[in-house]
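Just so it is clear, none of the values below were taken in a lab; they were calculated from the coordinates. It should be emphasised that the depicted structure is a prediction, and the values quoted were computed from it without experimental measurement. Heads up, the Cβs are rebuilt from the backbone with ideal geometry, glycines too, and the neighbour counts pull from every protein chain shown.
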Amino acid sequence: MVLVAVSGGRDSMVLAEKVRRSDGPFAVAHCNFRLRGADSDADEALVRDWAAHHGVTCHIRAFDTEAFAAAEGISIEMAARRLRYRWFGQLCREHGYEAVLVAHHAGDNAETFFLNLLRGSGVKGLCGMQEEGFLPDPDYADIPLRRPLLHTTRAEIDALVAEWGLPYREDKTNAENTAKRNKLRNQVFPLLREINPSFEETLLADMDRLHLVERIADGFFREHVGLVWDGRRVDTTLLQTIPGWEYILYRILEGEGMAPALIAQATDIVRSGLSGRRAGGFVSASGRLVREEAAEAPEILVSEETWEPGRTPVMPEGVLAVDADKVHGDLVADRWVAGDWIRPLGMRGRKKLQDWFKDRHFSLVDKQRAVVVRDSGLSDAHHVVAVAGHTIDEAYKITADTRRIFKIMRHG
């Protein structure tokens, strides 16, 4: 028995009807993200009525998507995606559904191709979505995710809607050209269809071939990565002896969450070496090129002071202050690594450091020099107390109840 995700739009209604006509057992799930007021409720009502009419089990859940996005410090689109797939996974565990079916079609895959092309996602991103995969949630990554309509075009979906007389709801925001996907769908794709009326089918065929190329490249990466990468550092001297080493380095740094522009900078550093010489050393998980003798830990100066309750926490430039009683262990200076995160002062949600650096336009050199402060008493080693000289974590801020503070200043 499978679980079919149904939004109420024409694509998902076609998918639900296709599955119903196949006579296989299934249930449907609808997410009300509460983002479009009465329209969201009308979508829910349509799905509920269709399921009731056909005697199909229907799961419906409403989410406070905006609150979740604010708490996590992510976009509304990403918040909806996380909420949706996590709930689908929970339903599969609870009711024994074998797989989740979603209504991504050829047009969606074409949009994904161009979005990935524009953001620079590499060959893997240009392969687009695949018909068979798994839920993109770490707790439910063993549950199959299927896309039966992935090679079905918009014209074919419209024809099925008319043939079957299917009810559906149109999301009015699809006509707005604010979102990147909408700009592609409404402005770029019509021009491509003028040039090649079957451009979607042509593009999908090319994406299938790119997927074959990606599988070959993935085999090459897996064959060599263990020779040069120990999980924290890349041996650049050995790396450069391998033809196509740039791809190996790209895959490693991409896997560590580094942005494409920074990967390019790190690759240039390795290619050119330091001071024009061949690079002999290591690239760390954060992309730093270092030598063994330069790998000592950074330092900070910490001083403890009493604090007058209610006093405004104004510090000299370069000096940070945290509530001493909120520190669980020792304050330790360190270099940042992929996975580190912070709740920047004044923000509700957590932020990955690589994203925080990107928002502030840190160069590769700035990132190399960044010093983070950790609390040795925290169970999550990636939770950063402060970025020295820049900001502290919201949980450590000075409040009206603060009696002692630690002043933090970078040393050297």
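Per-residue Karplus couplings for the stretch 79-95, computed as 6.51 cos²θ - 1.76 cosθ + 1.60 with θ equal to phi - 60°, are listed in order as 4, 4, 5, 5, 4, 4, 6, 5, 5, 4, x, 4, 4, 5, 5, 6, 10 Hz, Gly and Pro entered as x. Averaging the Cα positions of each part gives two centres, and for the stretch 27-78 and the stretch 1-23 these lie 15 Å apart. Taking one quarter of the surface of the convex hull spanned by the alpha-carbon atoms of the chain gives a direction-averaged projected area of 25.1 nm². Listed values for the stretch 250-260 are Karplus-derived 3J(HN,Hα) couplings in whole Hz (6.51 cos²θ - 1.76 cosθ + 1.60, θ = phi - 60°), namely 4, 5, 5, 5, 4, x, 8, x, 7, 5, x, and x replaces Gly and Pro. When the pairs 351/397; 326/397; 180/351 are compared against a 19 Å limit on Cα-Cα distance, 180/351 fall above it. In the stretch 96-148, Cα pairs under 8 Å separated by at least six residues give a relative contact order of 47 percent.
Model label points for residue 163 and residue 183, set 7 angstrom from Cα along the Cα-to-Cβ axis, are 3.6 nm apart.
Converting phi to 3J(HN,Hα) with the Karplus coefficients 6.51, -1.76 and 1.60 and the offset θ = phi - 60°, the stretch 315-325 yields 10, x, 4, x, 10, 10, 9, 10, 5, 4, 6 Hz in sequence order, with x at every glycine or proline.
The distance linking the stretch 309-341 with the stretch 139-179 is 48 Å (Cα centroid to Cα centroid, whole angstrom). Kirkwood radius, the stretch 2-195, all distinct C-alpha pairs, inverse of mean reciprocal distance: 17.6 Å. Relative to the longest principal axis of the Cα atoms of the chain, the long axis of helix 106-119 lies at roughly 20 degrees. In the chain, once you exclude exposed GluC sites (Glu not before Pro) (DSSP loop, at most 10 other Cβ within 10 angstrom), what's the longest stretch remaining? Counting only loop sites that pass the neighbour cut-off, the longest clear stretch is 1-295. With a Förster radius of 25 Å, plug the Cβ-Cβ distance of residue 81 and residue 330 into 1/(1 + (r/R0)^6) and report the FRET value to the nearest 0.05. So the FRET efficiency works out to roughly 0.05.
Return the loop-located trypsin sites (Lys or Arg not before Pro) in the stretch 22-127 (DSSP other than H, G, I, E, B) with at most 15 other Cβ atoms within 10 Å of their own Cβ; answer none if there are none. Answer in residue order: 34, 36.
In terms of its C-alpha gyration tensor, the stretch 91-181 comes out oblate, because a/c is 1.5 or above while a/b does not outweigh b/c.
Of the trypsin sites (Lys or Arg not before Pro) found in the stretch 155-246, the ones in coil according to DSSP and having at most 16 other Cβ atoms within 10 Å of their Cβ are 232.
So for the stretch 87-241, considering every pair of alpha-carbon atoms, how many percent are separated by more than 19 Å? When all Cα pairs of the stretch 87-241 are counted, 68 percent exceed 19 Å. Around the amide H of residue 300, modelled in the peptide plane, lie the amide H atoms of 333, 411, all under 5 Å away and 5 or more residues distant in sequence or on another chain. In terms of overall dimensions, the C-alpha atoms belonging to the stretch 170-243 reach 53, 26, 20 Å along their principal axes, ordered largest to smallest. Each Lys and Arg adds +1 at its Cβ and each Asp and Glu adds -1 at its Cβ; summed about the Cα centre, the chain shows a dipole of about 620 debye.
For the stretch 299-411, the ratio of Cα radius of gyration to the globular rule of thumb 2.2 N^0.38 Å stands at 1.01. A cut-off of 5 Å between modelled amide H atoms, ignoring neighbours fewer than 5 places along the same chain, links residue 101 with 3, 4, 5, 146.
Take every DSSP beta bridge whose two residues both sit in the chain; close to 70 percent of them are antiparallel. Close amide-amide hydrogen proximity is noted between residue 8 and 13, each under 5 Å apart and 5 or more residues distant or on a separate chain (H modeled in the peptide plane; Pro and chain starts excluded).
Note: relative contact order over the stretch 1-118, using C-alpha pairs below 8 Å and six or more positions apart, is 33 percent. The mean sequence separation of alpha-carbon pairs under 8 Å and at least six residues apart, normalised by the residue count of the chain, gives a relative contact order of 13 percent.
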